[in-house]
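One structure is given here, and the rest of the page talks about it.
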Amino acid sequence: MADDPKPTPLANLITEAREGRLVVRMEPEEFAAIDHECTRFKEVIAAVQQDMLAISQIQTWGFGDHPGSGLMGAPALGQQFRDKANGGPDSHFAVLEEHFGVVEDIRRLHEEVRNRLMEHDDAWAARFRNTLASLEQEQGR
(Lines give C-alpha, C1' and ligand atoms only; values in the text may rest on other atoms or scores of the structure.)
Protein backbone atom coordinates (compact mmCIF):
# COMPACT_ATOMS: atom_id res chain seq x y z
CA MET A 1 0.00 0.00 0.00
CA ALA A 2 2.97 2.31 0.55
CA ASP A 3 3.63 2.22 -3.19
CA ASP A 4 0.17 3.60 -4.02
CA PRO A 5 0.39 7.15 -5.37
CA LYS A 6 -0.89 9.88 -3.09
CA PRO A 7 -4.35 11.02 -4.26
CA THR A 8 -4.31 14.49 -5.75
CA PRO A 9 -6.62 17.28 -4.55
CA LEU A 10 -8.88 17.01 -7.59
CA ALA A 11 -8.78 13.22 -8.00
CA ASN A 12 -12.45 12.76 -7.04
CA LEU A 13 -13.62 15.46 -9.45
CA ILE A 14 -11.52 13.97 -12.25
CA THR A 15 -13.12 10.57 -11.64
CA GLU A 16 -16.61 12.10 -11.58
CA ALA A 17 -15.90 13.90 -14.85
CA ARG A 18 -14.55 10.72 -16.49
CA GLU A 19 -17.66 8.81 -15.40
CA GLY A 20 -20.03 11.54 -16.60
CA ARG A 21 -21.29 12.49 -13.13
CA LEU A 22 -19.89 16.03 -13.15
CA VAL A 23 -21.86 18.77 -14.87
CA VAL A 24 -19.95 21.77 -16.20
CA ARG A 25 -21.30 24.39 -18.54
CA MET A 26 -18.57 26.10 -20.52
CA GLU A 27 -18.01 27.18 -24.07
CA PRO A 28 -15.34 25.33 -26.08
CA GLU A 29 -13.27 28.51 -26.26
CA GLU A 30 -13.07 28.54 -22.46
CA PHE A 31 -11.92 24.93 -22.39
CA ALA A 32 -9.27 25.72 -25.00
CA ALA A 33 -8.03 28.71 -23.02
CA ILE A 34 -7.77 26.68 -19.81
CA ASP A 35 -5.88 23.89 -21.55
CA HIS A 36 -3.55 26.34 -23.25
CA GLU A 37 -2.83 28.38 -20.11
CA CYS A 38 -2.28 25.30 -17.95
CA THR A 39 0.30 24.08 -20.45
CA ARG A 40 2.01 27.48 -20.48
CA PHE A 41 1.98 27.69 -16.67
CA LYS A 42 3.57 24.24 -16.37
CA GLU A 43 6.30 25.39 -18.78
CA VAL A 44 6.98 28.43 -16.58
CA ILE A 45 7.08 26.27 -13.45
CA ALA A 46 9.56 23.90 -15.12
CA ALA A 47 11.76 26.84 -16.16
CA VAL A 48 11.79 28.25 -12.61
CA GLN A 49 12.59 24.77 -11.28
CA GLN A 50 15.61 24.68 -13.59
CA ASP A 51 16.70 28.00 -12.08
CA MET A 52 16.32 26.50 -8.60
CA LEU A 53 18.48 23.54 -9.62
CA ALA A 54 21.14 25.93 -10.91
CA ILE A 55 21.02 27.96 -7.70
CA SER A 56 21.35 24.80 -5.62
CA GLN A 57 24.62 24.03 -7.45
CA ILE A 58 26.31 27.39 -6.72
CA GLN A 59 29.25 26.58 -4.49
CA THR A 60 30.57 30.09 -3.79
CA TRP A 61 28.23 33.06 -3.63
CA GLY A 62 30.91 35.74 -3.31
CA PHE A 63 29.97 37.18 0.07
CA GLY A 64 32.87 35.69 2.00
CA ASP A 65 31.61 32.13 1.85
CA HIS A 66 34.81 30.70 0.38
CA PRO A 67 37.19 28.69 2.56
CA GLY A 68 39.61 30.82 4.52
CA SER A 69 37.55 34.00 4.33
CA GLY A 70 37.32 34.28 8.08
CA LEU A 71 33.56 34.81 7.96
CA MET A 72 32.33 31.81 9.91
CA GLY A 73 28.61 32.19 9.15
CA ALA A 74 29.03 32.85 5.41
CA PRO A 75 29.40 29.19 4.32
CA ALA A 76 26.33 28.25 6.38
CA LEU A 77 24.35 31.06 4.73
CA GLY A 78 25.43 29.82 1.30
CA GLN A 79 24.25 26.33 2.23
CA GLN A 80 20.91 27.75 3.37
CA PHE A 81 20.49 29.36 -0.06
CA ARG A 82 21.28 26.05 -1.78
CA ASP A 83 18.92 24.12 0.50
CA LYS A 84 16.08 26.60 0.06
CA ALA A 85 16.45 26.33 -3.72
CA ASN A 86 16.40 22.51 -3.77
CA GLY A 87 17.08 20.76 -0.53
CA GLY A 88 14.01 19.14 0.86
CA PRO A 89 10.23 19.20 1.18
CA ASP A 90 10.08 22.96 1.88
CA SER A 91 12.46 24.00 -0.89
CA HIS A 92 11.30 26.22 -3.71
CA PHE A 93 11.77 23.31 -6.13
CA ALA A 94 9.49 21.04 -4.05
CA VAL A 95 6.79 23.70 -3.65
CA LEU A 96 6.84 24.33 -7.39
CA GLU A 97 6.50 20.58 -7.96
CA GLU A 98 3.30 20.63 -5.89
CA HIS A 99 2.01 23.61 -7.91
CA PHE A 100 2.83 21.76 -11.13
CA GLY A 101 0.71 18.82 -9.91
CA VAL A 102 -2.25 21.04 -9.08
CA VAL A 103 -2.10 22.76 -12.47
CA GLU A 104 -1.95 19.35 -14.15
CA ASP A 105 -4.99 18.23 -12.12
CA ILE A 106 -6.92 21.31 -13.23
CA ARG A 107 -5.97 20.59 -16.84
CA ARG A 108 -6.92 16.90 -16.53
CA LEU A 109 -10.26 17.73 -14.90
CA HIS A 110 -11.20 20.03 -17.77
CA GLU A 111 -9.84 17.52 -20.28
CA GLU A 112 -12.14 14.79 -18.93
CA VAL A 113 -15.20 17.05 -19.14
CA ARG A 114 -14.14 18.32 -22.55
CA ASN A 115 -13.61 14.81 -23.92
CA ARG A 116 -17.12 13.77 -22.90
CA LEU A 117 -18.58 16.86 -24.57
CA MET A 118 -16.55 16.22 -27.73
CA GLU A 119 -17.85 12.64 -27.91
CA HIS A 120 -21.41 13.93 -28.21
CA ASP A 121 -21.14 17.19 -30.15
CA ASP A 122 -19.06 17.40 -33.32
CA ALA A 123 -19.65 21.13 -33.81
CA TRP A 124 -18.56 21.83 -30.23
CA ALA A 125 -15.46 19.67 -30.75
CA ALA A 126 -14.56 21.57 -33.93
CA ARG A 127 -14.87 24.91 -32.14
CA PHE A 128 -12.58 23.64 -29.37
CA ARG A 129 -9.94 22.36 -31.81
CA ASN A 130 -10.01 25.57 -33.85
CA THR A 131 -9.67 27.78 -30.78
CA LEU A 132 -6.82 25.73 -29.33
CA ALA A 133 -4.98 25.79 -32.66
CA SER A 134 -5.37 29.57 -32.82
CA LEU A 135 -4.03 30.01 -29.29
CA GLU A 136 -1.03 27.83 -30.01
CA GLN A 137 -0.37 29.65 -33.29
CA GLU A 138 -0.50 33.03 -31.50
CA GLN A 139 2.12 31.80 -29.07
CA GLY A 140 4.28 30.56 -31.92
CA ARG A 141 4.24 26.87 -31.11
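Can you work out the FRET efficiency for the pair Ser134 and Val102, with r the C-beta to C-beta distance and R0 = 25 Å, to the nearest 0.05? Walk me through the intermediate numbers first.
On the way: r = 27 Å, r/R0 = 1.06.
The calculated FRET efficiency here is 0.40.
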(request) Calculate the spin-label point distance for Thr60 paired with Asn12, positioning each point 7 Å from the Cα along the beta-carbon direction, and give it in nanometres. (result) 5.5 nm
(request) In debye, nearest 20, what is the charge dipole magnitude of the chain about its Cα centre with +1 on Lys and Arg Cβ and -1 on Asp and Glu Cβ, if you could check? (result) 180 debye
(message) If I ignore ligands, DNA and RNA and count only protein heavy atoms, how much of His110 is accessible to a 1.4 Å probe, in Å² to the nearest 10?
(response) 40 Å²
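When ligands, DNA and RNA are left out and all protein chains stay put, how many square angstrom of accessible area per residue does the chain have with a 1.4 Å probe? Before the final figure, lay out the partial values.
On the way: 9330 Å² over 141 residues.
On a per-residue basis, 66 Å².
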(message) Tell me which of Ile45, Ser134, Ser91 sits at the most positive position along the dipole axis of segment 21-141, charges placed on C-beta atoms (Lys, Arg +1; Asp, Glu -1).
(response) Ser91
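Would you list the membrane-span-like helices of the chain, meaning whole DSSP H runs whose alpha-carbon atoms span at least 20 Å along their axis and whose mean Kyte-Doolittle value is at least -0.5?
Working: long enough: 28-56 (42 Å, 0.07); 92-120 (43 Å, -0.59); 122-139 (26 Å, -0.82).
Those that pass (Cα extent of 20 Å or more, hydropathy at least -0.5) are 28-56.
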(request) Quick one: compute the contact order of segment 5-132, relative version, from alpha carbon pairs under 8 angstrom and 6+ residues apart, as a percent. (result) 41 percent
(message) For Cα extents along the principal axes in Å, one of [x] 72, 44, 20; [y] 45, 31, 25; [z] 47, 35, 20 was computed from the structure I shared and the rest are decoys. Which label?
(response) [x]
(message) If I model a spin label at Leu22 and Ala94 as a point 7 Å from the Cα along the Cα→Cβ vector, what separation in nanometres do I get?
(response) 2.8 nm
(message) Show me the GluC sites (Glu not before Pro) within segment 8-80 that DSSP assigns to loop and that have at most 15 other Cβ atoms within 10 Å of their Cβ.
(response) Glu19
(message) Under 10 Å, Cα contacts only: if you run a Gaussian network model on the chain, which one of Val113, Val103, Val44 comes out with the highest mean-square fluctuation?
(response) Val44
(message) How large a share of the accessible area of the chain, in percent, is made up of carbon and sulfur atoms when the probe is 1.4 Å and the other protein chains stay in place?
(response) 55 percent
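Which order do Leu71, Leu13, Leu96 take by accessible area at a 1.4 Å probe, largest first? Kindly include the intermediate steps, with their values, before the conclusion.
Working: Leu71 95, Leu13 65, Leu96 35 Å².
Heavy-atom accessible area, descending, gives Leu71, Leu13, Leu96.
The values are calculated or read from the model by the stated rules, or taken from the named source; none is laboratory data. In this text, all values refer to a predicted model and were calculated from it rather than measured experimentally. Glycine also receives a Cβ, built like all others from the backbone with ideal geometry; neighbour counts cover every protein chain displayed. The protein model used for the area step is the full one, side chains on, heavy atoms only, and it has no ligands, DNA or RNA in it. Shrake-Rupley method; radii C 1.70, N 1.55, O 1.52, S 1.80 Å.
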